[in-house]
Structure formats: C-alpha cells, structure tokens
Amino acid sequence: MNKLNKELEDLIATFRSLRNPDTGCAWDREQTFKSIASCAIEEAYEVADAIDREDFKALKSELGDLLFQVIFHAEMANEKGIFDLKEVISELNDKLVRRHPHVFANEQAISSKESLSIWEDIKAEERKAQKLDSLMDDVPKNLPSLIRAKKLQKRAARIGFDWKDANKVINKIEEELDELKIEHSKNNKDKLAEEVGDILFTIVNLTRHYDLDPEDIMRRSNLKFEQRFKAMEKYAEHNDLELDGMSVAQLEEVWQKIK
C-alpha cells in the first residue's frame, strides 16, 4: 500500500508540474473542466476497445490514461478550492459501502440480481433525498444515445412502466416497422426520422429484456463489420479484383464468401 501511495503522490506531483504557471505545459495550463470533458469519454471508450481486443498491455496503458483524467479534474477542483482527490476517493468509498449493505451490514443477497436490486433501491432513495422533480432528472443528457435510452427505460421500469416480456417488445417493434412503412410511402423525412427513432428506442428495450447492453452490442457489430470488410479487401487483393466498381450483387457474393 505504501508503494501505491508513493506512485499516486508522484502522479499528482507530475500533474502539478504540468499545470505550473511558470514552467508547466502551455496546453495543460489552459485546460478547464469543459475543455477536457470529452477526453474522459474518449479514454473510457479506448479502455472498452482494449478489452474487446483482449489486448491487456493496451488495457494497462488505457486505464492509466483514464486515471489521469480523474486526476486532472480532481486537481483542477483542488486549485479552485472546491474539493480534492482525497475527497473524491472518500466519497466513492462511502458510496460503495452504503450501496452494499449485503456485504458491509446485515442485509443478505443471494444472487447477483438481488445485489443489483439492492444497489438500485439505494440509488432511488438517494435521488429522493436530493428532491429531484422527476425520475429522469439526473440521467446525464450527454451520454451516448443508446446508453441514455437504456437508463431512461430502466427508470420508467421502476414504477412498472415497461413491457412484461420480450414477446411484447417484439410485437411493438413490428408495430413500429409498420408505421415506418407508412411514412416511407409518404417520403416525409421528419416523420421517417421519428419512426426510425421509435424503432431504435424499442430495440434498446428489447436488449434490456434479454439482459444485454445495447452499446456493447453495437460496438461489437461495428467491429464485426469492420473485420469482414477488411477481409473482403484482402480477398479482392489476393484475387486481383477491384471492389470499387463491382455491382452490388458481386460485392454481396464476396461478402458471403467471407462470412
């Protein structure tokens, strides 16, 4: 633990050197909470990408980059006298203990589902204590859309506003597809966008009923498409073919061979 403390102290010292008004890095000195907010999001996605690729050397590096974003924001807050890294860690620890009474108190949880239910119940009580006007009030608006859709649906489900099973969700998707076909025949772009949005939102709900994560599913689908398309390019190169200029039917034939 002492070595970990020393490493963390060294990292904070490095950051403070970067922010030094006289000898630090001009770019680091200029940054604000808002200017680097997107960096934390990007680093989190790079962590997820390393995990998907099972590249643990990269994961170690990306986790470090993500940690640096935590240090960056905590130290900027410290500069303004708002809070410091110690308070961030202390609040996190308190939250983890508070939301795990089945570990640190007398409550019992047999399954992971029960543990998650306890976590969500405590979060709901914390939201009540904040006196928010709506269940939806503290769902961050800048989350990736698929993640935010899932969070909004989970909140609504807590008061029973949800389909009871996946079959009903599938029926709703079919209903939304019928509505899309109607708007397709009218060629009304605004209504088409609305109907496509309804379909996507309902598909997110279906992933919830399957206990799947829509963002993870989409990321994996993107990766699968990318890998197969690259394989098509290699196939074309090996067989002296040019993908550019092929008919759709010819491209589909190559795609099927790759699959």
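Need pairs with beta-carbon distance below 8 Å; first residue part of a loop (DSSP other than H, G, I, E, B) and within segment 152-174, second of a type in the set (G, A, S); sequence gap 6+ or separate chains.
So the pair list comes out as R158/A124; D162/A156.
If you scan segment 103-148, which residues turn out to be aromatic (F, W, Y) and surrounded by 14 or more Cβ atoms within 10 Å (Cβ to Cβ)?
Taking segment 103-148 and keeping what is aromatic (F, W, Y), we get 104, 119.
The one that is aromatic (F, W, Y) and surrounded by 14 or more Cβ atoms within 10 Å (Cβ to Cβ): W119.
Report the residue count in segment 117-151 for those that are in a helix (DSSP H, G or I) and either closer than 28 Å to E42 by Cβ or in contact with a Ser or Thr (Cβ under 6 Å, 6 or more places away or on another chain) (or both). Let's see the steps before the verdict.
The initial filter retains those residues of segment 117-151 that are in a helix (DSSP H, G or I), namely 117-129, 145-151.
Next, only the ones that are either closer than 28 Å to E42 by Cβ or in contact with a Ser or Thr (Cβ under 6 Å, 6 or more places away or on another chain) (or both) stay: 119, 123, 145-151.
Selection size over segment 117-151: 9.
Looking at (1) loosely packed, with under 12 Cβ neighbours inside 10 Å; (2) within 19 Å of K151 (Cβ to Cβ), which is the one condition that is false for N205?
For N205, the exception is condition (1).
Quick one: what pairs do we get from segment 29-50, first residue assigned by TED's automatic domain parsing to the domain that holds M76 and outside any helix (DSSP H, G or I), second surrounded by 15 or more Cβ atoms within 10 Å (Cβ to Cβ) and among the aliphatic types (A, V, I, L, M), C-beta under 7 Å, 6+ apart or different chains?
Close Cβ pairs (under 7 Å, with a partner that is surrounded by 15 or more Cβ atoms within 10 Å (Cβ to Cβ) and among the aliphatic types (A, V, I, L, M)) amount to F33/M76.
So for segment 55-62 (the condition being under 17 Å from the mean Cα position of the chain (by Cα) and either surrounded by fewer than 13 Cβ atoms within 10 Å (Cβ to Cβ) or at pLDDT 95 or above (or both)), does at least one residue qualify? So that I can check it myself, show each step before the final result.
Within segment 55-62, the first condition is being under 17 Å from the mean Cα position of the chain (by Cα), and the residues that meet it are 59, 62.
Within this subset, residues satisfying the condition of being either surrounded by fewer than 13 Cβ atoms within 10 Å (Cβ to Cβ) or at pLDDT 95 or above (or both) are 59, 62.
Yes, segment 55-62 contains a residue that is under 17 Å from the mean Cα position of the chain (by Cα) and either surrounded by fewer than 13 Cβ atoms within 10 Å (Cβ to Cβ) or at pLDDT 95 or above (or both).
Would you check if A40 is under 30 Å from Q227 (Cβ atoms) and modelled with pLDDT under 95? Let's see the steps before the verdict.
Working: under 30 Å from Q227 (Cβ atoms): yes; modelled with pLDDT under 95: yes.
For A40, the condition - under 30 Å from Q227 (Cβ atoms) and modelled with pLDDT under 95 - is met.
Please find, among V248, V254, the residue that is surrounded by 12 or more Cβ atoms within 10 Å (Cβ to Cβ) and either over 31 Å from the mean Cα position of the chain (by Cα) or at pLDDT 95 or above (or both).
On the way: V248 fails: surrounded by 12 or more Cβ atoms within 10 Å (Cβ to Cβ).
Just a single option satisfies the conditions, and that option is V254.
Does I182 count as over 20 Å from the mean Cα position of the chain (by Cα), without any contact (Cβ under 8 Å) to a residue 24 or more places away in the chain and not assigned by TED's automatic domain parsing to the domain that holds E42? Outline the logic, then answer.
Working: over 20 Å from the mean Cα position of the chain (by Cα): yes; without any contact (Cβ under 8 Å) to a residue 24 or more places away in the chain: yes; not assigned by TED's automatic domain parsing to the domain that holds E42: yes.
In short, yes.
Could you check segment 175-229 and list, in sequence order, the residues that are among the polar types (S, T, N, Q), in a helix (DSSP H, G or I) and within 30 Å of Q250 (Cα to Cα)?
Here is the first cut: in segment 175-229, the ones among the polar types (S, T, N, Q) are 185, 187-188, 202, 205, 207, 221-222, 227.
Among the residues that remain, those that are also in a helix (DSSP H, G or I) are: 185, 202, 205, 207, 221-222, 227.
Matches in segment 175-229: S185, S221, N222, Q227.
Name the residue, out of L92, L96, L135, that is free of Cβ contacts under 8 Å to residues at least 40 places away in the same chain and closer than 27 Å to F161 by Cα. If you could, list the steps in order and put the result at the bottom.
Numbers: L92 fails: closer than 27 Å to F161 by Cα; L96 fails: closer than 27 Å to F161 by Cα.
Result: L135 is the single residue among L92, L96, L135 that is free of Cβ contacts under 8 Å to residues at least 40 places away in the same chain and closer than 27 Å to F161 by Cα.
Kindly establish whether I71 is over 29 Å from K224 (Cβ atoms) and β-branched (V, I, T). Break it down into steps so the answer makes sense when it comes.
Details: over 29 Å from K224 (Cβ atoms): yes; β-branched (V, I, T): yes.
The answer is yes for I71.
Regarding E79, is this residue outside the structural domain of S221 (by TED's automatic domain parsing), of a type in the set (D, E), touching a residue at least 24 places away in the same chain (Cβ under 8 Å) and over 24 Å from N142 (Cα atoms)? Even if it seems obvious, please write down each step before you answer.
Numbers: outside the structural domain of S221 (by TED's automatic domain parsing): yes; of a type in the set (D, E): yes; touching a residue at least 24 places away in the same chain (Cβ under 8 Å): yes; over 24 Å from N142 (Cα atoms): yes.
For E79, the condition - outside the structural domain of S221 (by TED's automatic domain parsing), of a type in the set (D, E), touching a residue at least 24 places away in the same chain (Cβ under 8 Å) and over 24 Å from N142 (Cα atoms) - is met.
Regarding segment 89-101, can at least one residue be identified that is closer than 16 Å to L8 by Cα and either of a type outside the set (V, I, T) or not in a helix (DSSP H, G or I) (or both)? Before you say what the answer is, go through the steps one by one.
Quick first cut of segment 89-101, residues closer than 16 Å to L8 by Cα only: 89-90.
With the extra rule that they be either of a type outside the set (V, I, T) or not in a helix (DSSP H, G or I) (or both), the set shrinks to 90.
Within segment 89-101 (the criterion being closer than 16 Å to L8 by Cα and either of a type outside the set (V, I, T) or not in a helix (DSSP H, G or I) (or both)), the answer is yes, since at least one residue qualifies.
Residue check: is E75 within 19 Å of the chain's Cα centre (by Cα), assigned to a helix (DSSP H, G or I) and closer than 29 Å to P144 by Cβ? It would help to see each step written out before you state the result.
Working: within 19 Å of the chain's Cα centre (by Cα): no; assigned to a helix (DSSP H, G or I): yes; closer than 29 Å to P144 by Cβ: yes.
When the stated conditions are applied, E75 does not pass them.
Could you go through segment 239-246 and let me know if any residue there is assigned to a helix (DSSP H, G or I) and among the charged types (D, E, K, R).
Residues of segment 239-246 that are assigned to a helix (DSSP H, G or I), as a first pass: none.
No, that holds for no residue.
The values are calculated or read from the model by the stated rules, or taken from the named source; none is laboratory data. If you're wondering where the values come from, they're calculated on a predicted model, not measured in any experiment. Don't worry about glycine lacking a Cβ; one is built from the backbone with ideal geometry, like all the others, and counts go over all protein chains shown.
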